[in-house]
1. Name the residues in the range 85-95 that are open to solvent by 50 Å² or more (accessible area, probe 1.4 Å) and within 23 Å of the chain's Cα centre (by Cα), would you?
2. Restricting to the range 102-140, give me the number of residues that are touching a Gly at 6+ places or on another chain (Cβ under 9 Å) and of a type outside the set (A, V, I, L, M, F, W, C).
3. Being β-branched (Val, Ile, Thr) and touching a Ser or Thr at 6+ places or on another chain (Cβ under 8 Å) narrows it down to one residue among Val102, Val123; which is it?
4. Starting from the range 55-79, take each residue that is open to solvent by less than 70 Å² (accessible area, probe 1.4 Å) and list its partners that are at pLDDT below 80 and of a type in the set (Ser, Thr, Tyr), counting only C-beta distances under 9 angstrom and pairs at least six apart or across chains.
5. Which residue is modelled with the lowest pLDDT, if the candidates are limited to the range 155-194 and must be closer than 18 Å to Thr83 by Cβ, among the aliphatic types (A, V, I, L, M) and open to solvent by less than 50 Å² (accessible area, probe 1.4 Å)?
6. Any idea which residue in the range 101-154 is surrounded by the most Cβ atoms within 10 Å (Cβ to Cβ), counting only those that are among the hydroxyl-bearing types (Ser, Thr, Tyr) and either modelled with pLDDT under 85 or not in a helix (DSSP H, G or I) (or both)?
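The values are calculated or read from the model by the stated rules, or taken from the named source; none is laboratory data. Bear in mind that the values here come from a model prediction, so they are computed numbers and not experimental data. Neighbour counts are summed over all protein chains in view; Cβ atoms, including those assigned to glycine, are modelled from backbone coordinates with ideal geometry. For the accessible areas, the whole protein counts, side chains as well, though only heavy atoms, and no ligand, DNA or RNA atoms are used. Shrake-Rupley method; radii C 1.70, N 1.55, O 1.52, S 1.80 Å.
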Amino acid sequence: MISSQKFEAMLTIGFTETPLPNQLTSTFKSLSKKVWLVLLIELIGILAVRVLTIKMFATTFFAFLAGSIFGFGLLISGMTQPTKVLGFLDIFGNWNPSLVFVMIGGIGVNAIGLLIIKRTHIVPVHTDTISQPNSKKIDSNLLVGSAIFGIGWGFTGLCPGPVIANLLIYPIQMVPFLLLLIIGLKIGNALRSN
C-alpha cells in the first residue's frame, strides 16, 4: 500500500521547479537518445500499420513532424510543468507571466501562417483541404466547454497537449489524467449528439 505522502510525491515529481538552462541542457542530453529512439519506433509503427501510398506517407510524415515540433515547443517553453502553468494562472498571488510570451508566439505564428495560406491559396500536400472552423458563433456549447476546460486547467495545470508530451517522461502521473480526459471527451460527444 502506498502512503499518501509517497503518492503525493509521485504526482509532483519533476514538477516542483523550473529547470535552469544548464539543467535543461543536461536533461536534453540524457533524454535525447531515448526520445529519438522512441520517436523512431513510433514512426516505424505508424508506417507498419498503414498500407503505404504516397499520400498516406505524406499524411503520416507531416502529422509526426507537426506533433514532434509541438511537443518539443511545449517542453522548451515549460508548458509541460504544471507548477509553471499554475503560477501563470495565479494572477492574484505569485503570478508568473512568462507563459504570456508562449501564447503570443503561438498566436503570432499561427496568424501569419493563416494569412499566407489565405492570400496565396496554398493547396496542402498531405490532405485535400485546409480544415478551418465552420462557425464563428459564440454559443452555450463554446462557453460551457471553455469553462470546464479552464476549471480543469486551473486544478491541475495540465491540458491535453502537455499530458501527451509528458506521457513518455512521467507515465505514472499522466496515464490516469489521459484516461479521464478520454472519458470526458466521450461524455462530451454523447451530450452534444443529444
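1. Leu86, Leu89, Asp90, Ile91, Trp95
2. Our first condition is that a residue be touching a Gly at 6+ places or on another chain (Cβ under 9 Å); within the range 102-140, this holds for 102, 105-106.
Next, only the ones that are of a type outside the set (A, V, I, L, M, F, W, C) stay: 105-106.
Residues in the range 102-140 being touching a Gly at 6+ places or on another chain (Cβ under 9 Å) and of a type outside the set (A, V, I, L, M, F, W, C): 2 in total.
3. Numbers: Val123 fails: touching a Ser or Thr at 6+ places or on another chain (Cβ under 8 Å).
Answer to the check: Val102.
4. Pairs found: Ala58/Thr127; Thr59/Thr127; Gly78/Thr18.
5. Here is the first cut: in the range 155-194, the residues closer than 18 Å to Thr83 by Cβ are 155-159, 161-163, 165-166, 169-170, 172-174, 177.
With among the aliphatic types (A, V, I, L, M) added as a condition, the list becomes 158, 163, 165, 169, 172, 174.
In the following step, the residues that additionally are open to solvent by less than 50 Å² (accessible area, probe 1.4 Å) were identified as 158, 163, 165, 174.
On the way: Leu158: 87, Val163: 86, Ala165: 82, Met174: 88.
For the range 155-194, the residue satisfying everything is Ala165.
6. So the first thing to find is which residues in the range 101-154 are among the hydroxyl-bearing types (Ser, Thr, Tyr), and the list is 120, 127, 129, 131, 135, 140, 146.
Now restrict to residues that are either modelled with pLDDT under 85 or not in a helix (DSSP H, G or I) (or both): 127, 129, 131, 135.
Numbers: Thr127: 13, Thr129: 7, Ser131: 8, Ser135: 8.
It comes out as Thr127.
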